[in-house]
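To start, the structure itself, in structure tokens.
A short reminder: the numbers here are calculations on the coordinates, not readings from a lab. Computed from a prediction, not measured in an experiment: that's the story for all the values here. FYI the Cβ positions are ideal-geometry reconstructions off the backbone, even for glycines, and counts take in every protein chain you see.
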Amino acid sequence: MGTPEFLEAIKTHPQPMHRLLSIVTDFLVDWIAYQREVFPSIDGIFLLDDIVGFVSRRDFETFGLLT
């Protein structure tokens with residue numbers, strides 16, 4: 001899925017996109033935990049994504065903000 005399809009899907013299919021983002025988030029949390037186990041000298045990890053800059057504040061609060 002490219003950026004245009006992703007941005008369209010959060011508007012047209014919000015529930016499946018919430019599920020997709022939940023799966024991806026859980027995977028990343030587990031992956032980072034595994035990396036910390038394997039490489040204990042890691043002090044920090046940057047996770048960067050520019051898509052957040054393309055969504056409205058409302059969509060960010062709905063899909064990207066963890067509370």
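Computed quantities for the displayed model
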{"quantity": "The chain: Rg to Rh, with Rh as the Kirkwood radius over Cα pairs", "calculated": "1.05"}
{"quantity": "Mean Cβ count within 10 Å, highest first, over the residues of peptides 44-51, 26-33, 10-17", "calculated": "10-17, 26-33, 44-51"}
{"quantity": "Nearest-ten-degree value, helix 14-38 long axis tilted from longest Cα axis of the chain", "calculated": "10 degrees"}
{"quantity": "The chain: calculated mean residue ellipticity at 222 nm from DSSP helix runs of at least 4, using -39500 (n - 2.57)", "calculated": "-20000 deg cm²/dmol"}
{"quantity": "Angle in degrees between helix 3-12 and the longest Cα principal axis of the chain, rounded to the nearest 10", "calculated": "60 degrees"}
